[in-house]
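Working notes, beginning with the structure itself.
The values are calculated or read from the model by the stated rules, or taken from the named source; none is laboratory data. Bear in mind that the values here come from a model prediction, so they are computed numbers and not experimental data. Counting neighbours? That spans all protein chains shown, and the Cβs are built from the backbone with ideal geometry, glycine included.
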Amino acid sequence: MEKKIKSLCKGFSEYVISIGVFLIIWGIYVKVSGVAEYIMPSPVKVLQKLFEIVVKGQIWEHFFATSIIIFVGYFIGVLLGIFFGYIIEKCTILKEMLMPYLIFFQTAPKIALVPLFVIWFGLGLTSKLVLIVSMVFFPVMVATMVGISSVPKDMRNLMKILNANKLQILFKIELPHSMPMIFSGLKIGMVQAIIGAIVAEWISGKVGLGYVLIFASSTFDTTLLIAGIFFTIIVGIFYYEVVNILEKKILYWHESQRIEK
């Protein structure tokens, strides 16, 4: 328990120190350069604005709206990514057929696809979810494929000698061996989900953190814009750490979680 508390304090202190150094450099630059406030406000004013929107509750409606589409899109993207990653890796013909199309779609700039999604699925929730799912799906799928393919043949052969069926091989060998790699995909997928949600709300949202950013930009409220960016970063770090904690809880048995840091 004491080690866990120390680990959490260490991780938190690293964030605090990094942010503190950044704010000091930022404050010095603003003071020395004399840059106009509407271009680059001081960190003090940005923090005041951040405190204001948090305490007065102006940001929370947007936070919850964004969080809902993040979690729904993330959940769907993760399920599809793991399912198709496993199926494609186990079927060579399917892999050769589908991978070129999946890579082609993944390399397309997602921000350019948003207007298409809006045309196809409308301005509502569906277009946002499609974007988030498309951004989460690929890293999770690839991580699953790599995890499944890295299972040693000796372990598979041993299970066959023991007359294990496909489900037993999946749950006793393949999934446990693949979970560290899958969690790598889950962490990348969470970051992608947050980016996807913000971009979707930028284009077609009337509520959400992305809407706050585009509203601040269109009204030239630089202080609110930067405060909104900071709030979004804090949300992103928090959700990333949630996945990180889940990894530590679920993979407590894995050697990567037993290394002293």
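When the residues of region 208-261 are narrowed to those that are farther than 24 Å from residue 54 by Cβ and hydroxyl-bearing (Ser, Thr, Tyr), which ends up modelled with the lowest pLDDT?
Within region 208-261, the subset farther than 24 Å from residue 54 by Cβ is 246-261.
Of the ones still in play, those that are also hydroxyl-bearing (Ser, Thr, Tyr) are 252, 256.
Numbers: 252: 76, 256: 63.
Taking the candidates together, the pick is 256.
Among the candidates 169, 229, 161, 195, the residue that is free of Cβ contacts under 8 Å to residues at least 60 places away in the same chain, under 25 Å from residue 131 (Cβ atoms) and of a type outside the set (Phe, Trp, Tyr) is uniquely 229.
So, in region 18-77, how many residues would count as being touching an Asp or Glu at 6+ places or on another chain (Cβ under 7 Å) and modelled with pLDDT under 90?
0
Within region 29-38, the set of residues being out of contact with any Ser or Thr (no Cβ under 9 Å at 6 or more places or on another chain), surrounded by 11 or more Cβ atoms within 10 Å (Cβ to Cβ) and part of a helix (DSSP H, G or I) comprises 29 only. Checked across region 116-126, the condition of being of a type in the set (Phe, Trp, Tyr) and over 22 Å from residue 190 (Cβ atoms) holds for at least one residue. Considering only residues in region 164-207 that are modelled with pLDDT of 90 or more and either touching a Pro at 6+ places or on another chain (Cβ under 6 Å) or under 15 Å from residue 65 (Cβ atoms) (or both), the one that is surrounded by the fewest Cβ atoms within 10 Å (Cβ to Cβ) turns out to be 188. Among the conditions (1) under 22 Å from residue 110 (Cα atoms); (2) within 23 Å of the chain's Cα centre (by Cα); (3) not polar (S, T, N, Q), the only one that residue 180 does not satisfy is (1). When residue 25 is tested against the conditions (1) of a type in the set (Val, Ile, Thr); (2) in contact with a Lys or Arg (Cβ under 8 Å, 6 or more places away or on another chain); (3) farther than 20 Å from residue 231 by Cβ, the lone failure is (2).
Of all residues in region 87-110, which are hydrophobic (A, V, I, L, M, F, W, C) and modelled with pLDDT of 85 or more? Before the answer, list the steps.
Start the filter on region 87-110 by keeping residues that are hydrophobic (A, V, I, L, M, F, W, C), which leaves 87-88, 91, 93-94, 97-99, 102-105, 108.
If the condition is that a residue be hydrophobic (A, V, I, L, M, F, W, C) and modelled with pLDDT of 85 or more, then 87, 88, 91, 93, 94, 97, 98, 99, 102, 103, 104 are the ones that fit.
Considering region 39-110, the qualifying helices (runs of 4 or more DSSP H), each wholly inside and each with 1 or more residues that are under 16 Å from residue 196 (Cβ atoms), run over 60-90, 92-107.
Taking first residues from region 45-68 that are closer than 13 Å to residue 226 by Cβ and partners that are of a type in the set (Phe, Trp, Tyr) and surrounded by 12 or more Cβ atoms within 10 Å (Cβ to Cβ), the Cβ contacts under 6 Å between residues at least 6 apart in sequence or on separate chains come to 50/230. I want to confirm something. Restricting to region 111-147 and keeping residues that are among the β-branched types (Val, Ile, Thr) and modelled with pLDDT of 90 or more, which single residue is surrounded by the fewest Cβ atoms within 10 Å (Cβ to Cβ)? The selected residue is 146.
Would you mention how many residues in region 195-214 are of a type outside the set (A, V, I, L, M, F, W, C) and in a helix (DSSP H, G or I)?
Residues of region 195-214 that are of a type outside the set (A, V, I, L, M, F, W, C), as a first pass: 196, 201, 204-206, 208, 210-211.
Then drop every residue that is not in a helix (DSSP H, G or I), which leaves 196, 201, 204, 210-211.
Residues in region 195-214 being of a type outside the set (A, V, I, L, M, F, W, C) and in a helix (DSSP H, G or I): 5 in total.
For region 215-227, a tally of residues being part of a helix (DSSP H, G or I) and either surrounded by 18 or more Cβ atoms within 10 Å (Cβ to Cβ) or among the hydroxyl-bearing types (Ser, Thr, Tyr) (or both) returns 9.
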